[in-house]
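Here the structure is laid out as structure tokens; the discussion comes afterwards.
The values are calculated or read from the model by the stated rules, or taken from the named source; none is laboratory data. None of these values were measured; they are calculated from a predicted model. Cβ placement follows ideal geometry from the backbone for every residue including glycine, while neighbour counts extend to all protein chains displayed.
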Amino acid sequence: MSVTIRVGMAEYKAAKSPATLITLGLGSCVGVVLYDSISKVGGLAHVMLPDSNLSSKKDYNPGKFADTAIDALIRDMNRFGADKRNIVSKIAGGAQMFQIKSENNIMQIGKRNVEAVKAKLIQLNIRIIAEDVEGNYGRTIELYCKTGELTIKTIGHGNRIL
Amino acid sequence: MYTDLEIDALKEIGNIGAGNAATALSLLLSKKIIIKVPKIRVLPFDEVSKSVGGPEKLVVGIFMRISGDIDGNILMVISEQDAYNLTEILLNIKRDKDWSFSNMEKSALMELGNIVGSSYIVALSELTKLSLKISVPSLAFDMAGAIISFPLSLYGYLGDTAFLIDTEFCEGLDGIKLHYLLIPDDESLKLLLNAIGVNTSERNNPGGNGRV
């Protein structure tokens, strides 16, 4: 019996095979998936915003921001026995659900989340082996820690396995 | 987090906007429209999509951006079936397929959004004497979680909760329901309260700019 662990908005969770990590209805948020195929430990973060420096509070939840969620997730994965040197990543989400011209760039939060996640992964020297990002539709993603497979479900835009 | 007076004031703002919008909606559909007392919701992010049926529930979202003296977002959420029923009323057609919307149907729903949104904002503007503009509507037919997360995610810079004024419009006989969410940007909430003479205390202004 494998367990399915739900990762909510602004949360991050790590798990070991045969568990499954799932996050539902990603829109402008980005799902960051990390996987160590040797220890079969996986991690999933549901990132909402690009930059923790813009937070008005100092005691924020690290799961919200691209630049803090990934570090926190790796720490959790280490507890399950993952080795950072083996970790690779897959990313999904960052859609722009509504198309509206606006004088500021808040409409493009999805795209900016994707850029921030990529910059952080590069900084940590973690390879991005697959991605399914941007577009204008929502995604539900599921990581199987047994195989490292990531399934992506959409409504009307097909399903894929990364 | 908010005082009773502030909550009541915001409910009243919601009520006045919704009253005007309900009249417009009623004229548009030629149906009786009932509005419920607006709810002021301060919710953890993960619970927001639950309030409209769960993150994976298929819904129609109609989004408009408010700008001017205050900034904010309007999001209308309609369940899949209710949206189909609405297009039948708006276009006076009988639908045969129940799995997507034609461009004509999307356009009709956006126009409904436009009329409801504008009437709401006109009432709000008259009440507060603030100058408010509203963008053209944009429509998405997708998972509720994906649709609702965007206008709320900006609250992430302020804390772990989102703020929204939630008004439910119901069409009498067929029971069509429409969730109307007014989501002011952080600073705008204070301005909105000040505009109707409610002084906000310092703790309601977390001091962040929240802008991105």
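Computed quantities for the displayed model
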item	result
Pairs, first within 14 Å of chain A (Cβ to nearest Cβ) in the range B:91-111, second assigned to a loop (DSSP other than H, G, I, E, B) and of a type in the set (Phe, Trp, Tyr), C-beta under 9 Å, six or more apart	B:Leu109/B:Phe101
In the range A:1-16, residue farthest from the other protein chains (Cβ to nearest Cβ) [restricted to those that are within 14 Å of B:Ser49 (Cβ to Cβ) and not basic (Lys, Arg)]	A:Val7
Evaluation of B:Ile93 against (1) closer than 21 Å to B:Gly172 by Cα; (2) among the aliphatic types (A, V, I, L, M); (3) buried (at least 22 other Cβ atoms within 10 Å of the Cβ) (one fails), failing number	(3)
Out of B:Ser138, B:Ser149, B:Ser107, sole residue that is at pLDDT below 90 and either of a type outside the set (Asp, Glu) or closer than 21 Å to B:Ala21 by Cα (or both)	B:Ser149
Selection within the range B:139-153 - more than 7 Å from chain A (Cβ to nearest Cβ) and more than 19 Å from A:Leu49 (Cα to Cα)	B:Leu139, B:Phe141
Of all residues making up the range B:26-55, the number that are within 14 Å of another protein chain (Cβ to nearest Cβ), out of contact with any Asp or Glu (no Cβ under 9 Å at 6 or more places or on another chain) and surrounded by fewer than 18 Cβ atoms within 10 Å (Cβ to Cβ)	4
Residues of the range B:158-181 satisfying the condition of being more than 7 Å from chain A (Cβ to nearest Cβ), assigned to a loop (DSSP other than H, G, I, E, B) and touching a strand residue (DSSP E or B) at 6+ places or on another chain (Cβ under 8 Å)	B:Gly172, B:Ile176
Residue in the range B:106-118 that is surrounded by fewer than 24 Cβ atoms within 10 Å (Cβ to Cβ) and closer than 27 Å to A:Val133 by Cβ present	yes
